[in-house]
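Enquirer: One structure, pasted below without further comment.
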Amino acid sequence: DAGVIQSPRHEVTEMGQEVTLRCKPISGHDYLFWYRQTMMRGLELLIYFNNNVPIDDSGMPEDRFSAKMPNASFSTLKIQPSEPRDSAVYFCASRAAAYEQYFGPGTRLTVT
Amino acid sequence: SQELEQSPQSLIVQEGKNLTINCTSSKTLYGLYWYKQKYGEGLIFLMMLQKGGEEKSHEKITAKLDEKKQQSSLHITASQPSHAGIYLCGAETPGGTYKYIFGTGTRLKVLA
């Protein structure tokens, strides 16, 4: 298996633009997690899905953030409009129930 | 809410030296995970501990969970430059939610 795949790896955008981050989980994993990592706040859980259904989105910072999982092999995290304070590394992770999470390589987002 | 505190925040050791990283929880741990992260990359799973007093080893890395299940340690024997990176402990929040919280990380540098 190729592991968790994220795209793009790097994204530079201007404030106010829409940003879409993409994730392909490991096949057979029924949980998918989106995290954000910054120097100030460390690794924070934004939202997670079970069997494509959002279970807990309490970590999503604002209405500008939205996440979808239309099928078992694809998820998106969208920021609209983006702001400089959204600059961070965004990770996607997946797991099978009761096992460890496997992380993707991350997307480094810079909003200017 | 549960919090994980890691110590030290950073560590510089000479190659060949042993070192220990600690992870302390404000509440009982129901699953403790150790990950390693290299700059610009995702988190790599190292070990999972669930039972009080449990100890696991992989190559030169040993992780332990204390009997009270509120503290874990990660010990590296005869460190090598390849051990350099950021070590994070993560824990599942109680209630079977499959949500993780993470410690703030310990940045390790090994001098050749």
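Every number here is computed from the coordinates shown, using simple stated rules; none is lab data. What you are looking at is a predicted structure, and each value in this text was computed from that prediction instead of being measured. Glycine also receives a Cβ, built like all others from the backbone with ideal geometry; neighbour counts cover every protein chain displayed.
Enquirer: When B:M47, A:M15, A:M60, A:M40 are ordered from fewest to most other Cβ atoms inside 10 Å of their Cβ, what list results?
Expert: A:M40, A:M15, A:M60, B:M47
Enquirer: Now for a separate question. For the cross-link pairs B:K68/B:K99; B:K36/B:K69; B:K17/B:K99, which exceed 29 Å when the distance is taken from alpha carbon to alpha carbon? Write down the numbers at each step before the final one.
Expert: On the way: B:K68/B:K99 21 Å; B:K36/B:K69 21 Å; B:K17/B:K99 35 Å.
With Cα atoms farther than 29 Å apart: B:K17/B:K99.
Enquirer: In the stretch B:6-88, which trypsin sites (Lys or Arg not before Pro) fall in coil by DSSP and have 15 or fewer other Cβ atoms within 10 Å?
Expert: Taking the stretch B:6-88 and a limit of 15 other Cβ atoms within 10 Å, the loop trypsin sites (Lys or Arg not before Pro) found are B:K17, B:K27, B:K38, B:K51, B:K60, B:K68.
Enquirer: I've got another one for you. Treat every Asp and Glu Cβ in the protein assembly as shown as -1 and every Lys and Arg Cβ as +1, leave all other atoms uncharged, and give the resulting dipole magnitude about the Cα centre to the nearest 20 debye.
Expert: 400
Enquirer: Taking H as built 1.01 Å from N, whose amide H comes closer than 5 Å to the amide H of B:Q80, not counting residues under 5 places away?
Expert: Amide H neighbours of B:Q80, under 5 Å, 5+ apart: B:G16.
Enquirer: If the only charges are +1 at each Lys and Arg Cβ and -1 at each Asp and Glu Cβ, what is the size of the charge dipole of the stretch B:4-111 around the Cα centre, to the nearest 20 debye?
Expert: 80
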